[in-house]
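What follows is calculated from the coordinates using simple rules that are stated; it is not laboratory data. Since the model is a prediction, treat every value here as computed from it, not as a measurement. With ideal geometry, Cβ positions are generated from the backbone for all residues, glycine too; neighbour counts draw on all protein chains shown.
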Amino acid sequence: MAKKRIEDIVESQNNTGNEKSVNNNTKIENNKKEPVESIRESIKDDKDVHEGYITHTLNVPQRLHGLIIGKGGYTVKQIRAETKTKITTRSDENLVIISGTKDGVEMAKKRIEDIINSSIFKLPPTHFISLPLTATRLQSKVETFKSDVLKLNLQDVNKSIFINSLSLHITMGVLNLYRKEDIEGAVKLLKSLSTEINELIGTRSLVSTLTGLAVMEDDPVRTHVLYAKVEEPEGQNTLKKLGEYLIEKFAEAGYLKKENRPLKLHVTLIKTKEEEHHKHRPFFNAVPILNKFSGINFETIKLDSIHISKIGVVDKNGRHHIEGGIKLP
């Protein structure tokens, strides 16, 4: 699977107009995603038809079944042969059923756990951590920018590729939360970090300025993403430190895969998306926009919360569905 930028993933399905920690280390450890704890064991052990055999049922989301089955069924066949077990998946339920001797079942269960843990990040992320930008004045300025760009009548630039001003945010990282337990665990982890986050930010409010434009690609003539740059007050880098801290903690817990590049603070404004019946993702020429609006200053804003939201799920107004969050000082 080709790697995608964080910013590409978070908006890929949604760009139409679109508490005090006594012991932080212990608390974080308790929030780690367990080794798929037999995929968080909704387990039952029953006597099978064969004497000495047991049946073990794992709760595995359907989206993960393909990892266990493998191409052409190769992976599951290999596990069956090596563990001398019967392994079945139910396409209509989030279940994987293993039958065999106790030792065989334990071996097969361990193999499945290892596969899930090592392959989960090959699947598309499901959620993202962000700082929502809800200031009315900012949203109004972004809408004005959109209107002014559309007046240029540029080829391949239409209102469908602009990010809904009600869903503007600074993305800190993307998460793979395929199970209810993982969603709950990630939200619990974020809340457990509240005290440390407040200490990191300090007594002053966390503020940043959206000023200037840039594109993600090297060639602005053929680009997919145009964004507003995020700048902190002179001499401060609190926002970047916050992002790095969140990435570290969520990666330790197994919810996020760290990328081998620095965090880019930005707010996506225009973004094309992959189209179902096209081989290549559409691009647009951002040069006229950069020439006319490169010095634009949107707003200096206070960042007052951190959310975990679901990718591609929005309400009727275009706001992202929030799984949970915390307030900032």
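Laid out as a table, the results:
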read-out: Normalised contact order of region 193-329, rounded percent, pairs of Cα under 8 Å and 6 or more residues apart; value: 31
read-out: Other-chain or far-sequence residues with amide H under 5 Å of Leu303's (modelled H); value: Leu206, Val207, Ser208
read-out: Selection of trypsin sites (Lys or Arg not before Pro), region 108-210, meeting DSSP coil and at most 16 other Cβ within 10 Å; value: Lys151, Arg204
read-out: Percentage relative contact order, region 129-282, counting C-alpha pairs under 8 Å, at least six apart; value: 27
read-out: Test item: Cα-centred dipole of region 173-234, Lys/Arg +1 and Asp/Glu -1 on Cβ, debye; value: 300
read-out: Debye log10 I(q)/I(0) at q = 0.28 Å⁻¹ for region 204-253, Cα point scatterers; value: -0.97
read-out: Span from the region 263-329 Cα centroid across to the region 99-175 one, whole angstrom; value: 10
read-out: Low-density loop cleavage sites - GluC sites (Glu not before Pro) in region 77-120, where at most 12 other Cβ are within 10 Å (DSSP); value: Glu93
read-out: Across Lys122/Lys249; Lys151/Lys241; Lys141/Lys316; Lys141/Lys240, pairs whose alpha-carbon gap is larger than 27 Å; value: Lys151/Lys241
read-out: Alpha-carbon Rg/Rh ratio, for region 108-182, with Rh computed the Kirkwood way; value: 1.22
